[in-house]
Amino acid sequence: MALDRVPRRVGVVGYGRLGQSLVSHLLTQGPELGLELVFVWNRDPGRMAGSVPPSLQLQNLTALGERHPDLVVEVAHPKIIQESGAQILRYASLLVGSPSALADQATEQQLLEASHRWNHTVFVARGALWGTEDITRLDAAGGLQSLRITMATHPDGFRLEGPLAAVPSTGRRTVLYEGPVRGLCPFAPRNSNTMAAAALAAPSLGFDRVVGVLVADLSLTDMHVVDVELSGPPGPTGRRFAVHTHRENPAEPGAVTGSATVTTFWRSLLGCCQLPSRPGIHLC
């Protein structure tokens, strides 16, 4: 059954593991769901050779408007959102797969302004964040006082920059960073997206008060582990509401994206296509 009577035209920006999976889903399942893949762009066009039909390969991202997309899905790198996100919103709604880009306040403001100017939506994929809706509801009700996200995997699964790239692993398990998510995102842009999604899910805390912890663990050769710990304010008895979830996401050795995240992202894309366009930033 189609998601809508009018086919939705989707463009994909980025052709790494996530991009390849989404393109495959759109080509094989899209037509029966009323979805049409209208372009694929990658910084290295050669990566698309032999797998993406030439008619769908977009050579210049600035020309995406010529394909008339309804939704553009970014699964490339935060820099794409920072450099081109506002321009994309001129032509279509945007599903952000690299929410760490929004840790930059200027980027977040530019996206909000473009969203309202062109009446398009900025969707943010929840990715590996478990319990997103519960976090948002608790935050909206004023019941969230602290939120801490710990991401642990083998050092080969990290793509770190700046000072974090020079932090040595001392032993089996090493804490590379612990502090506000805003301070982590610029130096671990591809490994902090779950934490960035949490900051967006809990706007009362945001990027400055949600705590991110990045851990290199030599024992996690084929897995990403995400722990979400949250608590509310003290109640009449002095006790606090608290939740701790532990997620183990299988991953190929050295992979940035876990297997379950690929599936979750496809569901996020389908969810976006069921929602009307409305200005603002919304988790999906």
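The values are calculated or read from the model by the stated rules, or taken from the named source; none is laboratory data. Worth saying up front: this structure is predicted, and the values here are computed from it rather than measured. With ideal geometry, Cβ positions are generated from the backbone for all residues, glycine too; neighbour counts draw on all protein chains shown. For accessibility, only protein heavy atoms count, side chains too; no ligands or nucleic acids. Shrake-Rupley method; radii C 1.70, N 1.55, O 1.52, S 1.80 Å.
Side notes on the structure shown:
- Given (1) farther than 24 Å from PRO250 by Cα; (2) out of contact with any Phe, Trp or Tyr (no Cβ under 7 Å at 6 or more places or on another chain), index of the condition ARG182 fails: (2)
- Condition check for ASP156: under 18 Å from CYS284 (Cβ atoms), outside the structural domain of LEU37 (by the TED database), touching a residue at least 12 places away in the same chain (Cβ under 8 Å) and charged (D, E, K, R): no
The rows are residues; the columns are (1) among the small types (Gly, Ala, Ser); (2) assigned to a helix (DSSP H, G or I); (3) closer than 22 Å to VAL262 by Cβ.
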{"residue": "PHE123", "(1), (2), (3)": "no, no, yes"}
{"residue": "ARG126", "(1), (2), (3)": "no, no, yes"}
{"residue": "MET151", "(1), (2), (3)": "no, no, yes"}
{"residue": "LEU164", "(1), (2), (3)": "no, yes, no"}
{"residue": "TYR177", "(1), (2), (3)": "no, no, no"}
{"residue": "ARG190", "(1), (2), (3)": "no, no, yes"}
{"residue": "ALA199", "(1), (2), (3)": "yes, yes, no"}
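- With respect to the conditions (1) at pLDDT 95 or above; (2) under 22 Å from LEU111 (Cα atoms); (3) not hydrophobic (A, V, I, L, M, F, W, C), ARG190 falls short on a single one, namely (1).
- Residue within the range 256-271 that is buried (at least 17 other Cβ atoms within 10 Å of the Cβ), modelled with pLDDT under 95 and basic (Lys, Arg) present: no
- Taking the listed residues ALA251, ALA242, the one that is at pLDDT 90 or above, aliphatic (A, V, I, L, M) and in contact with a Ser or Thr (Cβ under 8 Å, 6 or more places away or on another chain) is ALA242, with no other qualifying.
- Selection status of SER169, assigned to a loop (DSSP other than H, G, I, E, B) and either out of contact with any Pro (no Cβ under 8 Å at 6 or more places or on another chain) or buried (at least 19 other Cβ atoms within 10 Å of the Cβ) (or both): no
- Number of residues in the range 162-187 that are modelled with pLDDT of 95 or more and within 26 Å of ALA76 (Cβ to Cβ): the value is 10.
- Qualifying positions in the range 183-192 - over 18 Å from ASP156 (Cβ atoms) and either free of Cβ contacts under 8 Å to residues at least 40 places away in the same chain or crowded, with 24+ Cβ neighbours inside 10 Å (or both): GLY183, LEU184, CYS185
- Condition broken by THR107, with the remaining ones in (1) over 19 Å from PHE187 (Cβ atoms); (2) surrounded by fewer than 24 Cβ atoms within 10 Å (Cβ to Cβ); (3) in contact (Cβ under 8 Å) with a residue 12 or more places away in the chain satisfied: (1)
- Residue match in the range 196-210 (condition: modelled with pLDDT under 95 and open to solvent by 20 Å² or more (accessible area, probe 1.4 Å)): no
- Checked against (1) under 17 Å from GLY254 (Cα atoms); (2) open to solvent by 10 Å² or more (accessible area, probe 1.4 Å); (3) in contact with a Phe, Trp or Tyr (Cβ under 7 Å, 6 or more places away or on another chain), LEU214 passes all but a single condition, namely (2).
- A search for C-beta distances below 7 Å between a residue of the range 224-240 that is without any contact (Cβ under 8 Å) to a residue 12 or more places away in the chain and closer than 18 Å to ARG209 by Cβ and any residue that is open to solvent by 70 Å² or more (accessible area, probe 1.4 Å) and charged (D, E, K, R), counting only pairs 6+ apart in sequence or on different chains, returns PRO234/ARG240.
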